[in-house]
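Structure first, then comments.
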Amino acid sequence: MSILHTVNKSPFEKNNLESCLRYVKSGSAVLLIEDGIYAALKNTCFEKEMATAMKEVNFYCLAPDMKARGFSESKIMDGIKMVDYAGFVDLTIEYDKVQAWL
Amino acid sequence: MKFIIQVNKGPYQHQTADSAYQFISAALAKGHEVLRVFFYHDGVNNGTRLTAPPQDDRNVVHRWSALAAEHDLDLVICVAAAQRRGILDEREMNRLDKDAHNLAPGFRISGLGQLIEGVVLSDRLVVFGD
Amino acid sequence: MIKKCLYVNRRAPYGTSYALEAIDVVLIGSAFDQDISLLFIDDGVFQLKSDQDTTGIEMKNFSSAYSAFEMYDVEKLYVSKEAMTARGLKKRDLVVDVEVLSDNAIKDLMDEHDVIFSF
């Protein structure tokens, strides 16, 4: 069964993303929301780790949270798909269950 | 699709209540059913009608009440978490011999069984918190 | 309908109320005849440390609950080997008998459950 993992913490502050990536399985997905969106940015110290994870896992970023924090799509790493809240709802259905890394 | 949503944080300090509200609104707009919203931990603070945010800020509690009225949403406050944090309806006020109650319209206070039952009856549990 | 429910505990006790309020959910959940497993990863493994003594902080010591779970037919307790190692903990440091799993095995554990509760 596939899992949609949600991460809502900045990787610069908390280890939620790191934990999530440790347990995420190939074919599952990670959705970055709230302060979690900072992990999606280009040119950060997490870019390499994210790029490695992206080979096996689908990454999504919640656009309203990104825009609220002053970033446009051009600042987001290639391969991360943008979704709105309707897209968030679709993802929870597309995957079999949701695991929130709070 | 049937959803149950768990909200673990109170309004204003964390984005939790805002994210949950936006998610639920989007799910309802798509025609999905939100069987229940269960407020746990500090999330029970979403249910006090005594909040008075500044005029230019969103009113998180009013927003929940309005959504519940519009969509017949079941907003459940966990009784054990609520008692610890001072969220009471009239019945709880009388039972615990307190001098006031503060539950906002559209919310009801009930047990954790409502969370488990909701999970059993739903297709998806989505948890918002910090 | 019986669902396979996994309760994921990631936080240390006392600093926040998550551990305590997770126990309440587990006990209520057991009354609904669901198939329950508990998983302790990250700082969640600290919840299971033996010899907790809360007299000095005047908070309720709830660590005895973990060994009482058996009476509620909650018998599947798993901990992350890597989380234990990272925190200098051994199985003998824990208050209850658990199954130690590698993080890779935990991926499969999460996979095979119907619902994941996060605390």
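The values are calculated or read from the model by the stated rules, or taken from the named source; none is laboratory data. Computed from a predicted structure; not experimentally measured. Note: ideal-geometry Cβ built from the backbone for every residue, glycine included; neighbour counts use all protein chains shown. With ligands, DNA and RNA removed, areas are computed over all heavy atoms of the protein, side chains included. Shrake-Rupley method; radii C 1.70, N 1.55, O 1.52, S 1.80 Å.
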### Residue list for region A:41-77, filter: open to solvent by 50 Å² or more (accessible area, probe 1.4 Å) and of a type in the set (Ser, Thr, Tyr)
A:Thr52, A:Ser72, A:Ser74
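Quick check on A:Leu91: is it assigned to a helix (DSSP H, G or I), out of contact with any helix residue (DSSP H, G or I) (no Cβ under 8 Å at 6 or more places or on another chain) and buried (at least 17 other Cβ atoms within 10 Å of the Cβ)? Even if it seems obvious, please write down each step before you answer.
Numbers: assigned to a helix (DSSP H, G or I): yes; out of contact with any helix residue (DSSP H, G or I) (no Cβ under 8 Å at 6 or more places or on another chain): yes; buried (at least 17 other Cβ atoms within 10 Å of the Cβ): yes.
Criteria met by A:Leu91.
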### Query
(1) open to solvent by less than 50 Å² (accessible area, probe 1.4 Å); (2) at pLDDT below 95; (3) within 11 Å of the chain's Cα centre (by Cα): which one isn't true of C:Ser67, the others all being true?
(1)
### Message
Which of the numbered conditions does A:Asp90 fail, given that it passes all the others? Conditions: (1) touching a residue at least 60 places away in the same chain (Cβ under 8 Å); (2) more than 19 Å from A:Arg22 (Cβ to Cβ).
### Response
(1)
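Inspect all residues belonging to region A:3-21 and state whether any of them is over 25 Å from C:Ser80 (Cα atoms) and either within 11 Å of another protein chain (Cβ to nearest Cβ) or free of Cβ contacts under 8 Å to residues at least 24 places away in the same chain (or both). Please lay out each step first, then the result.
Initial filter on region A:3-21 (over 25 Å from C:Ser80 (Cα atoms)): none.
No, region A:3-21 contains no residue that is over 25 Å from C:Ser80 (Cα atoms) and either within 11 Å of another protein chain (Cβ to nearest Cβ) or free of Cβ contacts under 8 Å to residues at least 24 places away in the same chain (or both).
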### Task
May I ask you to list the residues in region B:11-64 that are small (Gly, Ala, Ser), more than 9 Å from chain A (Cβ to nearest Cβ) and either over 24 Å from B:Val119 (Cα atoms) or open to solvent by less than 10 Å² (accessible area, probe 1.4 Å) (or both)?
B:Ala17, B:Ala20, B:Gly43, B:Gly47, B:Ala52
### Query
All but one of (1) farther than 23 Å from C:Lys107 by Cβ; (2) among the hydrophobic types (A, V, I, L, M, F, W, C); (3) within 9 Å of chain B (Cβ to nearest Cβ) hold for A:Val83; which doesn't?
(3)
### Message
Which count do you get for residues in region B:87-122 that are open to solvent by 40 Å² or more (accessible area, probe 1.4 Å), at the interface with another protein chain (Cβ under 8 Å from one of its Cβ atoms) and not in a helix (DSSP H, G or I)?
### Response
0
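Looking at region A:27-53, which of its residues are modelled with pLDDT of 95 or more and within 19 Å of C:Asp111 (Cα to Cα)? Reasoning before the result, please.
If we filter region A:27-53 for residues that are modelled with pLDDT of 95 or more, which is where we start, we get A:28-53.
The answer is A:Ser28, A:Ala29, A:Val30, A:Leu31, A:Ala53.
Is it true that C:Phe46 is within 27 Å of A:Glu18 (Cβ to Cβ) and out of contact with any Leu (no Cβ under 6 Å at 6 or more places or on another chain)? Explain how you work it out, then say what you get.
On the way: within 27 Å of A:Glu18 (Cβ to Cβ): yes; out of contact with any Leu (no Cβ under 6 Å at 6 or more places or on another chain): yes.
Criteria met by C:Phe46.
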### Members of region C:1-60 found to be of a type in the set (A, V, I, L, M, F, W, C), assigned to a helix (DSSP H, G or I) and open to solvent by 30 Å² or more (accessible area, probe 1.4 Å), listed by number
C:Leu20, C:Leu27, C:Ile28, C:Ala31, C:Phe46, C:Ile57
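Within region C:70-77, is even one residue part of a loop (DSSP other than H, G, I, E, B) and either in contact with a Ser or Thr (Cβ under 7 Å, 6 or more places away or on another chain) or surrounded by 15 or more Cβ atoms within 10 Å (Cβ to Cβ) (or both)?
Narrowing region C:70-77 to residues part of a loop (DSSP other than H, G, I, E, B): C:73-75.
After this cut, where a residue has to be either in contact with a Ser or Thr (Cβ under 7 Å, 6 or more places away or on another chain) or surrounded by 15 or more Cβ atoms within 10 Å (Cβ to Cβ) (or both) as well, the list is C:73-74.
Within region C:70-77, one or more residues are part of a loop (DSSP other than H, G, I, E, B) and either in contact with a Ser or Thr (Cβ under 7 Å, 6 or more places away or on another chain) or surrounded by 15 or more Cβ atoms within 10 Å (Cβ to Cβ) (or both).
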### Query
Any idea which of (1) open to solvent by 10 Å² or more (accessible area, probe 1.4 Å); (2) more than 18 Å from B:Phe23 (Cα to Cα); (3) away from chain B (no Cβ under 14 Å) is the one A:Tyr38 doesn't satisfy?
(3)
